[in-house]
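Worksheet for the structure shown next.
The values are calculated or read from the model by the stated rules, or taken from the named source; none is laboratory data. What you see is a predicted model, and the numbers here were worked out from it, not measured in a lab. Positions of Cβ are generated from backbone atoms using ideal geometry, with glycine treated the same way; all protein chains shown enter the neighbour counts. Remember, those area values only see protein heavy atoms, side chains included, never the ligands or the DNA or RNA. Shrake-Rupley method; radii C 1.70, N 1.55, O 1.52, S 1.80 Å.
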Amino acid sequence: MTDREGAAQPALAGGVIEKFNASLHGELIRPDSGSYDEARKVWNGMIDRRPALIVRCAALEDVQNAIRFARSYGLLTAVRGGGHNAAGFAVCDGGLVIDLSQMRGIRVDPKARTARAQAGATWGDFDRETQAFGLATTGGAISTTGIAGLTLGGGLGWLMRSYGLACDNLLSVELVTADGRVLMASPTENPDLFWGVRGGGGNFGVVTSFEYRLHPVGPMLGGLLIHPLERAREVLQYYREVSQSAPDELTVFAALMTTPDGVPVIGLALCYNGPAAVGEKTLHALRSFGPPVADQVGPMPYTAIQSMLDAGFPAGLQVYWRSDFLKGLGDETIDTILTRFAKRTSPLSLMIIEQFGGAVSRVGREDTAFEYRDAQYNLAIISRWTDPRESDPHIRWARETWEAMRPFATGVYVNYLGEEGESRIRAAYGPAKYERLVALKNTYDPGNFFRLNQNIKPA
């Protein structure tokens with residue numbers, strides 16, 4: 001058995017494993033366990049890895065014991081929250097997986113407008129609890145995404161233009177370090193670490209709980225506008241105009257995709273976070289443009305906004321992902337996007353333009369490890385297919401599309417990175433922030449125990 005860097009993984013005697021199992025509150029899953037194959041699955045069906053042990057943690061002590069056990073026996077260690085990351089870092093071959101998926105407790109304080117959530121919770125879990133009090137915070141666009149990975153890498157979502165990224169709404173975290181210590185990180189306690197976990201990913205330890213600031217969020221206008229692909233150029237030009245003048249309350253994503261019945265289209269997914277009457281006026285021109293062949297926009301609860309794209313992103317497909325922030329959305333950029341989409345090799349593949357700006361851009365650039373505060377758009381190139389034997393052309397399309405878009409790129413969102421090498425990780429932070437993150441790594445994980453991630457290597 002080998003780890004990510006090629007080192008052999010040690011064999012473990014049965015007695016050692018039994019003693020470890022006896023120390024756990026949760027479940028220890030082995031290759032001969034009936035639940036093993038299900039437990040090692042992640043969202044991306046392209047990831048097919050076989051860990052030696054999976055620890056389904058039930059308590060903070062399980063996380064500590066798992067870390068100490070893995071260190072004692074030199075086991076490569078992966079950390080799983082929601083398992084939604086396209087790169088598949090939540091599972092490893094031959095090592096140990098610290099699986100937090102059973103730790104999903106959420107406690108809302110409606111008076112203080114805060115929530116404390118365990119790291120195995122998904123955004124669907126979180127939104128259900130906070131919306132019971134008419135509250136929410138920024139958290140993704142697919143409800144099955146885990147809160148942990150998304151927040152640690154920055155955390156885009158439908159509410160980001162109103163309230164900033166998920167990491168901007170973070171008040172504190174509880175974290176277990178590589179030596180098994182439990183630390184709190186906040187603006188007043190280990191503030192250097194708190195800076196690093198807001199964008200620096202899982203490099204510094206296992207975050208076991210997150211405390212968020214909440215905001216009043218009621219029913220809103222949202223849904224999809226669908227236009228025929230032959231009008232995509234003018235739709236994207238109009239999208240550029242709308243997105244550049246949009247109020248913070250309005251967020252619009254554009255997607256080039258194929259409908260379930262095989263028709264290529266351009267869709268605009270949107271939400272308006274404000275009074276319905278104001279939203280109706282704000283969206284009137286956008287809904288009239290074209291006009292669209294389908295208008296599925298209407299009043300809906302925030303939980304429906306958060307899950308409206310779920311069916312389009314099911315678990316189990318083969319997925320290869322490339323992405324970059326864009327300098328803008330000029331005509332040449334639009335034309336290149338359309339040219340590359342026309343060459344897609346699978347009807348399941350799509351290209352998504354995500355609108356940033358608003359409150360994201362008003363957080364100080366040095367306040368968090370997340371770098372690209374001035375980005376207006378992010379482009380996600382998502383190649384998807386069903387048969388693993390047909391991977392080569394689909395991966396090649398994504399790579400060639402990404403290369404074609406490089407002249408228009410300004411940086412990369414760390415949550416959208418695959419296994420693309422150190423230079424791309426550095427590009428996610430810029431030179432100064434990367435060195436600051438290295439200094440944190442030297443302090444909190446000098447042996448690089450937590451390396452199955454977009455890895456910040458210690459000096």
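Points to keep in mind about this one:
- Any hit, the range 391-400, residues being out of contact with any strand residue (DSSP E or B) (no Cβ under 9 Å at 6 or more places or on another chain), aliphatic (A, V, I, L, M) and at pLDDT 95 or above: no
- The residue that is nearest to the chain's Cα centre (by Cα), counting only those in the range 95-149 that are open to solvent by less than 10 Å² (accessible area, probe 1.4 Å) and aromatic (Phe, Trp, Tyr), is Trp123.
- Residue in the range 367-402 that is most open to solvent (accessible area, probe 1.4 Å), counting only those that are hydroxyl-bearing (Ser, Thr, Tyr) and in contact (Cβ under 8 Å) with a residue 60 or more places away in the chain: Thr386
- Contacts under 9 angstrom Cβ, first residue in the range 25-38 being among the polar types (S, T, N, Q), partner open to solvent by less than 90 Å² (accessible area, probe 1.4 Å), 6 or more apart: Ser33/Glu27; Ser33/Ala39; Ser33/Ile54; Ser35/Glu27; Ser35/Ile29; Ser35/Ile54; Ser35/Arg56
- Matching residues in the range 348-371 - criterion: being more than 19 Å from Leu150 (Cα to Cα), touching a Leu at 6+ places or on another chain (Cβ under 8 Å) and in a loop (DSSP other than H, G, I, E, B): Leu348
- Residue satisfying all of: in the range 431-459; of a type outside the set (A, V, I, L, M, F, W, C), in contact with a Pro (Cβ under 8 Å, 6 or more places away or on another chain) and in a helix (DSSP H, G or I); most open to solvent (accessible area, probe 1.4 Å) among these: Asn442
- Residue within the range 288-300 that is closer than 26 Å to Pro388 by Cα and outside any loop (DSSP other than H, G, I, E, B) present: no
- For the range 242-269, filtered to residues that are within 25 Å of Ile382 (Cα to Cα) and in a helix (DSSP H, G or I), the residue that is most open to solvent (accessible area, probe 1.4 Å) is Gln244.
- Selection status of Phe204, buried (at least 24 other Cβ atoms within 10 Å of the Cβ) and out of contact with any Gly (no Cβ under 9 Å at 6 or more places or on another chain): no
- For Ala428, the criteria (1) small (Gly, Ala, Ser); (2) open to solvent by 10 Å² or more (accessible area, probe 1.4 Å); (3) touching a Leu at 6+ places or on another chain (Cβ under 7 Å) hold in every case but one, which is (2).
- Residue list for the range 68-85, filter: surrounded by fewer than 24 Cβ atoms within 10 Å (Cβ to Cβ) and among the hydroxyl-bearing types (Ser, Thr, Tyr): Ser72, Tyr73
- Residues in the range 58-103 that are more than 18 Å from Asn453 (Cβ to Cβ) and part of a loop (DSSP other than H, G, I, E, B): Ala58, Ala59, Tyr73, Gly74, Gln102, Met103.
- Looking across the range 44-67 at every residue that is in contact with a Pro (Cβ under 9 Å, 6 or more places away or on another chain) and open to solvent by 20 Å² or more (accessible area, probe 1.4 Å), the one that is farthest from Glu419 (Cα to Cα) is identified as Ala52.
- Residue selected from the range 349-383 under the condition under 16 Å from the mean Cα position of the chain (by Cα) and of a type in the set (S, T, N, Q), by the criterion nearest to Ala86 (Cα to Cα): Asn378
- Only residues that are surrounded by 19 or more Cβ atoms within 10 Å (Cβ to Cβ), in contact with a strand residue (DSSP E or B) (Cβ under 6 Å, 6 or more places away or on another chain) and in contact (Cβ under 8 Å) with a residue 60 or more places away in the chain were counted across the range 178-197, and they come to 2.
- Residue match in the range 3-22 (condition: buried (at least 19 other Cβ atoms within 10 Å of the Cβ), over 25 Å from the mean Cα position of the chain (by Cα) and either within 21 Å of Gly155 (Cβ to Cβ) or not hydrophobic (A, V, I, L, M, F, W, C) (or both)): yes
- Qualifying residue in the range 270-278 (condition: within 26 Å of Thr144 (Cβ to Cβ), at pLDDT 95 or above and in a loop (DSSP other than H, G, I, E, B)): yes
- Only residues that are farther than 21 Å from Asp125 by Cα and open to solvent by less than 40 Å² (accessible area, probe 1.4 Å) were counted in the range 291-320, giving 8.
- Count of the range 396-417 residues which are assigned to a loop (DSSP other than H, G, I, E, B) and either within 16 Å of Ile337 (Cα to Cα) or polar (S, T, N, Q) (or both): 0
- For first residues located in the range 282-303 and modelled with pLDDT of 95 or more, partners that are surrounded by fewer than 13 Cβ atoms within 10 Å (Cβ to Cβ) and lie 6+ apart or on another chain with Cβ distances below 9 Å do not occur.
- Reported count of residues in the range 210-239, each being open to solvent by 10 Å² or more (accessible area, probe 1.4 Å) and either polar (S, T, N, Q) or not in a strand (DSSP E or B) (or both), is 9.
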